[in-house]
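This report concerns only the one structure given below.
Derivation of every value follows stated rules applied to the coordinates shown; laboratory data play no part. What you see is a predicted model; the values in this text were computed from it and never measured. Note that we place each Cβ from the backbone using ideal geometry, even for glycine, and neighbour counts take in every protein chain shown.
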Amino acid sequence: MANYGASSFVATGSDGGICSSHVKLAKLLAGILANNLGHRKESLEDICDLSTCFLRLNRYPACPISPEMFGLVPHTDSDFLTILCQDQVGGLQLMKDSKWVAVKPNPEALIVNIGDLFQAWSNDVYKSVEHKVMANEKMERYSIAYFMCPSYDSLIGSCSSSAAAAHLRNLLPSIESSLFENTGTKFNRMFRNLVTKLASKISSSISFLYLAFLLILKGSKPNSQ
Ligand SMILES: O=C(O)CCC(=O)C(=O)O
Ligand SMILES: [Fe+2]
């Protein structure tokens, strides 16, 4: 079902002022959450880009037709982290234990949502929660959402596999050299044994063939006696 007339205004992070406090807060929160998983607090900051982060102003007009009308259809945010500021009207609901739960409006508080990318990066430790906005019959509603997004060229993987990959990359030179040393000595020994075995087989076959050849030759020779 479509959203009922929700309109939005978008500003990107590169405008240099409008969302600087959101940028700082998002970095701080992402840092704490990354740290909590045993990673550098700059881990997410490194893959995010101010020019792809953005601030969105949402307007939900009053909808007298039905109280069951969506202001915003159920969805998860696809970014890393969303910082949401809503007015006093209410209408935001989130999915908890398979039930929609209304988020009590508090204009003094911010709502922080984990996005799909943070869920993927954290290996599902942090969950990207499904949410929706129900339209209000009588009042229009406003909210402001800041989305912390990765740069277009960053590669997103789970933090444990990227940490493991980085660890492996560090270890690789020593693993490689020890592997080649070991296989080298093993291989040399195996090769030498094989050659020795083959040589003895070949030489016994040659002696056998030579003997057979002599016997045939002897048999085919007319008796000189
Ligand atoms: O308006 C709200 O409370 C939620 C907005 C939202 O979920 C979004 O912009 O992705
Ligand atoms: Fe959302």
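Structural remarks
- Using a cutoff of 8 angstrom between alpha carbon atoms and counting only pairs six or more residues apart, the relative contact order for the range 7-148 works out to 33 percent.
- Over the range 40-100: Kirkwood hydrodynamic radius from C-alpha pairwise inverse distances, Å: 15.0
- Distance-filtered residues of the range 107-138 - backbone nitrogen under 18 Å, label point 7 angstrom along L37 Cα→Cβ: 112-130
- 3J(HN,Hα) couplings calculated from phi for the range 86-91 with the Karplus curve 6.51 cos²θ - 1.76 cosθ + 1.60 (θ = phi - 60°) are, in sequence order, 10, 7, 7, 6, x, x Hz; Gly and Pro show x.
- With the biggest extent put first, the Cα atoms of the range 7-148 measure 49, 38, 23 Å across the principal axes.
- Span from the the range 53-81 Cα centroid across to the the range 108-138 one, whole angstrom: 12
- Each residue of the range 132-140 is assigned a 3J(HN,Hα), and the resulting list reads 8, 10, 9, 6, 9, 5, 10, 10, 7 Hz, derived from the Karplus form 6.51 cos²θ - 1.76 cosθ + 1.60 (θ = phi - 60°), x at Gly and Pro.
- Within-11-Å neighbourhood charge of K96 [Cβ basis; K, R +1; D, E -1]: 0
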